[in-house]
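A short worksheet on the structure shown next.
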Amino acid sequence: MGTMTLFHSPLSPFVRKVMVVLHETGQLDRVSLQAVNVSPLSGDEQLNQGNPIGKIPALRLADGSVLHDSRVICEYLDLQHVGEPLLPREGSARWRRMTLASQADAIMDASVSSRYESFLRPEDKRWDDWLEAQAGKIRRSLANLEQEHLAELASGFDLAAIGVACALGYLDLRQPGFGWRERQPGLAAWYAEVAKRPSMIATAPVA
Ligand SMILES: N[C@@H](CCC(=O)N[C@@H](CS)C(=O)NCC(=O)O)C(=O)O
């Protein structure tokens, strides 16, 4: 039984990022999971008390305080272990990696909002142009990863790489026909390798 509690859902890519960090840094036994089922239309009272925005992940610490969102939680956890840091602590590399991590989060944001648009919104109110705009963000981001960040991604499975891997995993889960592997073969090869890591296998979402 861990001293911290993670508000958790197995399909959330943001939650997965935190879970992968816990695996990679050997901190799994410090955290108990509290299952919640949230969407923009249905919240969880206990979660709302800790995170008024009502989103997961949120991490309740031993003193009762709650950390959110996933970036803050991942950075917190990265300061709690003795292994190699998952983000450079200083210098220009820190800002580059954080920006890459933020790009991964943005891919997840676009994928999660597309999911809400196509699944939650009543059919007669759906807006194809808006969905296409989200897909455009994802396509541009993946093309940029392929063209400019492959070497960086391959340099270590840190917070940025973990974010990209979780974003791709979520895209495969929700939009299996997106076709990114044909357009980004280098990224596909990188992902095929990192998907074999025990942390990624243990947290793989099953719809
Ligand atoms: N920026 C947040 C995004 C988290 C997020 O969007 N979580 C989704 C689940 S994948 C959620 O809780 N949705 C409920 C809602 O939008 O109210 C983070 O990095 O943690």
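Every number here is computed from the coordinates shown, using simple stated rules; none is lab data. Predicted, not measured: the structure shown is a model, and the values here were computed from it. Every residue, glycine as well, gets a Cβ built from its backbone with ideal geometry; the counts of neighbours run over all protein chains shown.
Across the range 10-53, what is the total count of residues that are within 11 Å of the ligand (Cβ to nearest atom) and within 20 Å of GLU75 (Cα to Cα)?
9
Could you grab the pairs with beta carbons closer than 6 Å, sequence gap of 6+ or different chains, first residue in the range 55-84 and under 16 Å from ILE162 (Cβ atoms), second one basic (Lys, Arg)?
SER70/LYS17
Can you spot a residue in the range 28-40 that is free of Cβ contacts under 8 Å to residues at least 24 places away in the same chain, hydroxyl-bearing (Ser, Thr, Tyr) and over 29 Å from GLY156 (Cα atoms)?
No, the conditions are met nowhere in the range 28-40.
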